[in-house]
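The values are calculated or read from the model by the stated rules, or taken from the named source; none is laboratory data. Keep in mind that this is a model prediction, so the values were computed, not measured. In this analysis, Cβ positions are derived from the backbone assuming ideal geometry, glycine residues included, and neighbour counts consider all displayed protein chains.
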Amino acid sequence: MIAGPEPEFRPRGLFRSRVSHFEFHRMSSSKQNQWIVGINAVAAAVEHDADNVREVLLEAGAKNPRILEIESDARRRDIDVRRVNQQALDGVAGGLRHQGAAARYAAAKTWDENELEGLVEAAGGKALLLVLDGVQDPHNLGACLRSAAAAGVTAVVIPKDKAVQVNATVRKTSAGAADHVPVVRVTNLSRTLRDLQKLGVWIYGLAGEATASLYAIDLRGNVALVLGGEADGLRRLTREHCDQLVTIPMPGAAAAAGVESLNVSVAAGVTLFEAVRQRVAG
């Protein structure tokens, strides 16, 4: 293993001093409400964020035990429940597969960037951060959040601009993980990486042309793993603020034409669970 240098002195207030309070919304057509569809997404919203669920629509006549469970849970939490026909559900789903369940959702819990320092400190020297630099596809973000939740990450960091936000498609793809993982939206990703370094977090960026293998890096301390977007990978400024660039070895890439990289969500899973493997092994 290659151990990183000793963490730098960690002055307090790095994030709080310069960032005003943001009011964040889950993305939706109205920015005040959004329709979440799918059994897992609706069940997770009712269970973990009931205060922000305005109503639940369930398909009339559906006998699926999960549908009945959602109905019971929602009524127990004083959430309005309506049984509607399939056409009504199709209308709010916007083409997504709703599985007979939809929920009107408002102002879901999100994390301000000035809370990131507290999340890192609370991890006690074992922070594991996933930083996504410009991921555009909501299915990819949802899959990344699902892997992040399974790996027990401290937080997922995404830019406020030029990147997909946590919308209904992301929530459905994440299978409820979007309700369990702190997603921190930041104004300036490069500045955030600098501030994380001052907190003793080592920043490793994934790049196909890097020479260092992911499997030769010590990922057991405070670590941020940075992955780029689907089209261009890591942006120049993001690369420059990484402590080291690493690659996932792909022995079959040379023999398989057109397979020179992994999908960002697959790469996120591989990278996160290498960190998990190292931490479990001690």
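If you scan region 206-230, which residues turn out to be surrounded by fewer than 17 Cβ atoms within 10 Å (Cβ to Cβ), out of contact with any Ser or Thr (no Cβ under 8 Å at 6 or more places or on another chain) and modelled with pLDDT under 95?
GLU230
Which of the residues spanning region 107-134 are under 17 Å from THR173 (Cβ atoms) and either surrounded by fewer than 22 Cβ atoms within 10 Å (Cβ to Cβ) or touching a His at 6+ places or on another chain (Cβ under 8 Å) (or both)? Steps first, please.
Here is the first cut: in region 107-134, the residues under 17 Å from THR173 (Cβ atoms) are 108, 130, 132.
Within region 107-134, ALA108 is the sole residue that qualifies.
Looking at the structure I just gave you, is VAL157 at pLDDT 95 or above, crowded, with 22+ Cβ neighbours inside 10 Å and touching a Ser or Thr at 6+ places or on another chain (Cβ under 7 Å)? Write out each step before concluding.
Numbers: at pLDDT 95 or above: yes; crowded, with 22+ Cβ neighbours inside 10 Å: yes; touching a Ser or Thr at 6+ places or on another chain (Cβ under 7 Å): yes.
Taking the combined requirement at face value, the residue satisfies it.
Restricting attention to region 190-199, does a residue exist that is in contact with a His (Cβ under 8 Å, 6 or more places away or on another chain), farther than 28 Å from GLY282 by Cα and not assigned by TED's automatic domain parsing to the domain that holds VAL46?
Within region 190-199, one or more residues are in contact with a His (Cβ under 8 Å, 6 or more places away or on another chain), farther than 28 Å from GLY282 by Cα and not assigned by TED's automatic domain parsing to the domain that holds VAL46.
Among ALA62, ALA122, which is of a type in the set (A, V, I, L, M, F, W, C) and over 26 Å from GLY200 (Cα atoms)?
Working: ALA122 fails: over 26 Å from GLY200 (Cα atoms).
Going through ALA62, ALA122 in turn, the sole match is ALA62.
Could you list, in sequence order, all residues of region 262-282 that are assigned to a loop (DSSP other than H, G, I, E, B) and either under 21 Å from VAL170 (Cβ atoms) or in contact with a Leu (Cβ under 6 Å, 6 or more places away or on another chain) (or both)? So that I can check it myself, show each step before the final result.
Residues of region 262-282 assigned to a loop (DSSP other than H, G, I, E, B): 262-263, 282.
Scanning region 262-282 gives LEU262, ASN263.
Here is a list: VAL120, VAL170. Which entry is of a type outside the set (D, E, K, R), in a helix (DSSP H, G or I) and modelled with pLDDT under 95?
Values: VAL120 fails: modelled with pLDDT under 95.
Sole residue among the options that is of a type outside the set (D, E, K, R), in a helix (DSSP H, G or I) and modelled with pLDDT under 95: VAL170.
Among residues belonging to region 173-217 that are of a type in the set (Val, Ile, Thr) and part of a helix (DSSP H, G or I), point out the one that is farthest from ALA143 (Cα to Cα).
Start the filter on region 173-217 by keeping residues that are of a type in the set (Val, Ile, Thr), which leaves 173, 181, 183-184, 186-187, 192, 201, 203, 211, 217.
Subset that is part of a helix (DSSP H, G or I): 173, 192.
Numbers: THR173: 6, THR192: 23 Å.
Looking at the filtered set, the residue picked out is THR192.
Of ARG83, ARG66, ARG77, ARG97, which residue is in contact (Cβ under 8 Å) with a residue 12 or more places away in the chain and farther than 23 Å from ALA177 by Cα?
Numbers: ARG66 fails: farther than 23 Å from ALA177 by Cα; ARG77 fails: farther than 23 Å from ALA177 by Cα; ARG97 fails: farther than 23 Å from ALA177 by Cα.
Just a single option satisfies the conditions, and that option is ARG83.
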